[in-house]
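These notes concern the structure reproduced below.
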Amino acid sequence: MTREEELEIIAQVRSGDADAFEALVLEHQNKVYSLALRMVGNEEDARDMAQEAFIRAYNSLGSFRGESKFSVWLYRLTSNICIDFLRGRAKRKTVSLSWEDEDGEEGELEIPDERFSPEAGLERAELREAVRRGLAQLSPEYREILLLREINGLSYDEISRCLRLEEGTVKSRIFRARKKLSEILIREGNIPEASASNERKGGVDA
Amino acid sequence: MSECDRFELLISEYLDGELQEPEKTELESHLRKCSRCRRVCDAFRAISLSLGEEAAPAGLTEDVMAAVRTRGGSGAKRASKPGKSWPKYLALAACLMLAVLSAVRLSQPRAPAASQPDAQPAQFGVAAVPGDLEPRDAGDDSSLMLEDAASQDSADGTDDKYNYNAESCLPLPLEEPEQVSLLRISGRAEAELTDPECIAAVFELLCCVEPTQQPDAPASYTLAYESEDGSGTLELWSLDGELLCSDGAGAAYEAAGSEAELLELIG
């Protein structure tokens, strides 16, 4: 879908054609759901978040001014909904630990539901599972910025406009989120500390 | 910061396709000789790989569309659970018909109602009512979540571009519009509303979007209300179809609704 087509559909929805909205949902549902899934960490809540995001996007389409891409606006809406949900959940949690990230920001840490076996290798499924748990240990804000990049593929420029941050801040926060996540993975044994690349020549072939 | 610390930051940018020359070449040659940084690169890449796109669950689109169709009205400002709105809309439909009929009688007392074409569109007005008229339901998780989102928007103040919620400044021109028992509208159109649903619908239109200057021109509408706590008036201007609202004390703001929506409500 080109940006023009998208704006055309938005105009149709605004003029009262609710059915036209379906094309936007179909176009963006995977990305919105994936973002929500990594933000909240489970499929059931992610589905609710995604649904809420679309309904809210529909209801507030009047305030979408087309200054950014619709997708950027929609992702931001999604991550906002997820962050609010996580804050509410953190408040309700009885057993929890706190995190404090580099900004000195405190929050609640989800306790991983099971221990991870150190002998696990780079099995994709296991790695994904470990990343999921690692993400839960990042503050929602760090999670958001990393996911907008990783899942939604926004450029640093788009993220900086979307989150109202300097591009330098975007760059360093994404790096810090990755760094923290990789430290968790190394600690849990998902990424071997020294062996992975030593046998290979040239870690980068991209 | 060691040399490798600097390169680690560049790796992140590199993988995002944001690293420019000459740093790009510099990093690539560093990676060839530094196993520590290669490991970091591998780790970052593994994270990216495991964060791919997932397929949305089946039925998501259908559920969204069912909710959207039930609710109706692209100008709506507040979402709630689908399905619950039906009785409200039916009540509102009835109330709109009454309002239209009484407005017709007020403005053109001698015109026979049956030949009055304006009476028809009122039924369509139902779909154009912005906002759900339900009071906030504390037991409703989804509306709670929305409330949280709204309060966060206004609290962090960073987000006016993405400010999808109209309630970030003044919520309504009255603290308790549900207490209003009579609303008399005069000016370009005249109507007298007593139905609480109708009155609530009008006040929904008058939600504040953005503070603004009070216009010099005389008001297009005057709204006189009576409530348990007393009575008062509000003034409304229509500028290019958009409504500006003032409490008469110098505070004016852009309202959420348009003049067309107001007229649809009151007939």
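General observations
- Residues in the range A:55-72 that are more than 19 Å from A:D157 (Cβ to Cβ) and at the interface with another protein chain (Cβ under 7 Å from one of its Cβ atoms): A:I55, A:R56, A:Y58, A:N59, A:S60, A:L61, A:G62, A:S63.
- The range A:156-183 - residue that is part of a helix (DSSP H, G or I) and acidic (D, E) and, of those, nearest to A:N80 (Cα to Cα): A:E158
- Any chance A:Y75 is buried (at least 22 other Cβ atoms within 10 Å of the Cβ) and facing another protein chain (nearest Cβ under 7 Å): no
- Scanning the range A:41-59 for residues that are closer than 14 Å to A:Y75 by Cα and open to solvent by less than 30 Å² (accessible area, probe 1.4 Å) gives A:A46, A:M49, A:A50, A:E52, A:A53, A:F54, A:I55, A:R56, A:A57, A:Y58.
- Note on the range A:153-180: residues that are touching a residue at least 60 places away in the same chain (Cβ under 8 Å), within 9 Å of chain B (Cβ to nearest Cβ) and open to solvent by less than 10 Å² (accessible area, probe 1.4 Å) total 1.
- Residues that are assigned to a strand (DSSP E or B) and at pLDDT 80 or above within the range B:198-231 comprise B:Y221, B:T222, B:L223, B:A224, B:Y225, B:E226, listed in sequence order.
- Being free of Cβ contacts under 8 Å to residues at least 12 places away in the same chain and within 9 Å of chain B (Cβ to nearest Cβ) is a property that A:G88 has.
- Residue check for A:R128: within 11 Å of chain B (Cβ to nearest Cβ) and either open to solvent by 30 Å² or more (accessible area, probe 1.4 Å) or at pLDDT below 75 (or both): yes
Every residue, every condition in (1) more than 7 Å from chain A (Cβ to nearest Cβ); (2) among the hydrophobic types (A, V, I, L, M, F, W, C); (3) surrounded by 22 or more Cβ atoms within 10 Å (Cβ to Cβ), yes or no:
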position: B:S12; (1), (2), (3): no, no, yes
position: B:E18; (1), (2), (3): no, no, no
position: B:K24; (1), (2), (3): yes, no, no
position: B:K33; (1), (2), (3): yes, no, no
position: B:A46; (1), (2), (3): no, yes, yes
position: B:L49; (1), (2), (3): yes, yes, no
position: B:G52; (1), (2), (3): yes, no, no
position: B:A56; (1), (2), (3): no, yes, yes
position: B:V68; (1), (2), (3): no, yes, yes
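- Residue in the range A:9-28 that is under 23 Å from the mean Cα position of the chain (by Cα), modelled with pLDDT of 90 or more and open to solvent by less than 10 Å² (accessible area, probe 1.4 Å) present: yes
- Filter result (of a type outside the set (G, A, S) and surrounded by fewer than 15 Cβ atoms within 10 Å (Cβ to Cβ)) within the range B:217-235: B:P218, B:E228, B:D229, B:T233
- Boolean, A:I159 is over 21 Å from A:I191 (Cβ atoms) and either under 10 Å from the mean Cα position of the chain (by Cα) or among the aromatic types (F, W, Y) (or both): no
- Some residue of the range A:40-54 being more than 18 Å from the chain's Cα centre (by Cα), free of Cβ contacts under 8 Å to residues at least 24 places away in the same chain, within 24 Å of A:R89 (Cβ to Cβ) and facing another protein chain (nearest Cβ under 7 Å): no
- Qualifying positions in the range B:1-10 - open to solvent by 70 Å² or more (accessible area, probe 1.4 Å) and part of a helix (DSSP H, G or I): B:E3, B:R6
The values are calculated or read from the model by the stated rules, or taken from the named source; none is laboratory data. Everything numeric in this text was worked out from a predicted model, so none of it was measured. Neighbour counts run over all protein chains shown; Cβ positions are idealised from the backbone, glycine included. All accessible areas refer to the heavy atoms of the entire protein, side chains included, with ligands and DNA or RNA removed. Shrake-Rupley method; radii C 1.70, N 1.55, O 1.52, S 1.80 Å.
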